[in-house]
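One structure below.
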Amino acid sequence: MIFGGKAIAITGASTGLGRELAVQLARAGARLALFARNETALRETARLCLQVAPTGGPEPLVITGDVTRPEDCARLITETVAQFGALDCLIANAGVSMWARFEDIRDLSFFRKLIEVNYLGAVHCLHPALPHLRKSRGLFVAVASLQSKIGAPAHTGYTAAKHALDGFLESLRMELDGSGVGILSVYPSWISGTELRSHAFCEAGAKMGEARRSHTSDAVPAEECATRILAAMTARKEQLFIPNKYRWLPWARLALPQMLRRRIQKRVASQKAGE
Ligand SMILES: NC(=O)c1ccc[n+]([C@@H]2O[C@H](COP(=O)([O-])OP(=O)(O)OC[C@H]3O[C@@H](n4cnc5c(N)ncnc54)[C@H](OP(=O)(O)O)[C@@H]3O)[C@@H](O)[C@H]2O)c1
């Protein structure tokens, strides 16, 4: 995909990876629709995009809404197409996580939220977008997670939601075979420089905030993640593991399940609280 002039809608563009994707796509000359709930933060993303965009390019469209509401997602697509005349790419990036052992959770209601944002949020946006993506022979990018392929302690509900998203994409790929619409599934490991951990749900169902877990040095910076995603979009790849070495994880889960489980338990335990 050559990005110059392409109409691209991004959910979860107010912070973290979504903001980085927006800035790098703006630099490449894409016409952007930015979607999330926090309008002030979205406008800041739009400002950063304008700073790097080629001169004379259109301002990013700022659309506030919630991916758990199908009507907001339909509005994202309608307004993007009305403004740009087409939709070449939809990036379903909005997400929310958790950090709590299942037995310690005191309010389970956030499990519904995890499904609604991480899985249904992508479905709600893609359904109205598909006719336009068919027309443009465009691309659907879903930011899943390594946890779409493996489990992790303290992440039961998040892992379930990301597995649901992956299953949806597997079936959809078969339905869209030959349609011209590409699907890229992105499976990042831990990403640094985003708000995911402070916004994650904890035992009481509240956001973790300052009690968030720190990253170890092997987390991939959001900027590098976004660069890798743009390269995979250009190559119209079907899947992208970040870092690349983790592409063997689905095989390890089948071949060496106990060893893999022990390694994941150790890695999650190494992330310290509140640092
Ligand atoms: N960080 C990691 O280690 C990591 C690893 C693997 C995968 N991922 C995935 O990467 C994606 C981006 O996450 P991030 O790390 O950049 O975290 P982040 O900084 O917390 O960004 C999450 C984005 O999603 C938006 N969002 C959350 N709930 C929403 C809702 N109901 N409606 C609309 N937008 C909503 C947030 O905006 P508002 O709050 O303004 O709505 C924000 O823009 C997520 O899908 C996440 O699961 C992250």
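General observations
- With every protein chain in place, the chain: carbon and sulfur % of accessible area (1.4 Å): 52 percent
- Tensor-based shape of region 187-261 (alpha-carbon gyration tensor, a/c under 1.5 rounded, otherwise prolate or oblate): oblate
- Potential lengthening of the chain between ARG247 and GLN265 amounts to 4.6 nm, from the contour at 0.36 nm per residue minus the alpha-carbon distance.
- Working ranking of peptides 35-41, 123-129 by packing, defined as the average number of other Cβ atoms within 10 Å per residue, highest first, is 123-129, 35-41.
- Relative to the Cα centre, the charge distribution of region 79-176, modelled as +1 at Lys and Arg Cβ and -1 at Asp and Glu Cβ, gives a dipole magnitude of about 140 debye.
- Mean separation of Cα contacts under 8 Å (6+ apart) over length of region 185-275, as relative contact order %: 39 percent
- For GLU223 and GLU71, the difference between the fully extended length at 0.36 nm per residue and the C-alpha to C-alpha distance is 51.6 nm.
- Our note on the geometry: Cα centres of region 139-169 and region 202-229, 16 Å apart.
- The residue list ILE242, SER192, THR45 was ranked by how far each Cα lies along the charge dipole of the chain toward its positive end, using unit charges on Cβ atoms, and ILE242 comes out on top.
- Placing +1 on the Cβ of every Lys and Arg and -1 on the Cβ of every Asp and Glu, with nothing else charged, gives the chain a dipole about its Cα centre of roughly 760 debye.
- For ILE242, nonlocal amide neighbours, meaning residues 5 or more places apart or on other chains whose placed amide H falls under 5 Å from its own, are TYR187, SER189.
- Tilt relative to the chain, helix 121-136 - C-alpha long axis, 0 to 90 degrees, to 10: 30 degrees
- Under conditions of 10 °C and 1.306 mPa s, the chain yields 84 µm² s⁻¹ as its translational diffusion coefficient, taking Rh as the Kirkwood radius over Cα pairs in the Stokes-Einstein equation.
- Computed over region 77-236: relative contact order in percent, which uses C-alpha pairs under 8 Å that are six or more apart: 28 percent
- Dividing the helix sum by the residues of the chain, where each DSSP H run of 4 or more adds -39500 (n - 2.57), gives a mean residue ellipticity at 222 nm of -13500 deg cm²/dmol.
- Label point distance in nm, LYS113-VAL52, each placed 7 Å from Cα along Cα→Cβ: 3.0 nm
- Sorting 175-181, 111-117 by average packing, meaning the other beta carbons within 10 Å per residue, from highest down gives 111-117, 175-181.
- Residues of region 1-36 with amide N under 14 Å of the 7 Å Cα→Cβ point at SER136: 1-11, 25-26, 29-35
- Mean separation of Cα contacts under 8 Å, 6 or more apart, over the residue count of the chain: relative contact order %: 19 percent
The values are calculated or read from the model by the stated rules, or taken from the named source; none is laboratory data. All values derive from a computational prediction rather than experimental measurement. Because the Cβ atoms are built from the backbone with ideal geometry, glycine has one as well, and the counts that use them run over all protein chains shown. Each accessible area value is taken on the protein alone, full model and side chains, heavy atoms only, with ligands, DNA and RNA left out. Shrake-Rupley method; radii C 1.70, N 1.55, O 1.52, S 1.80 Å.
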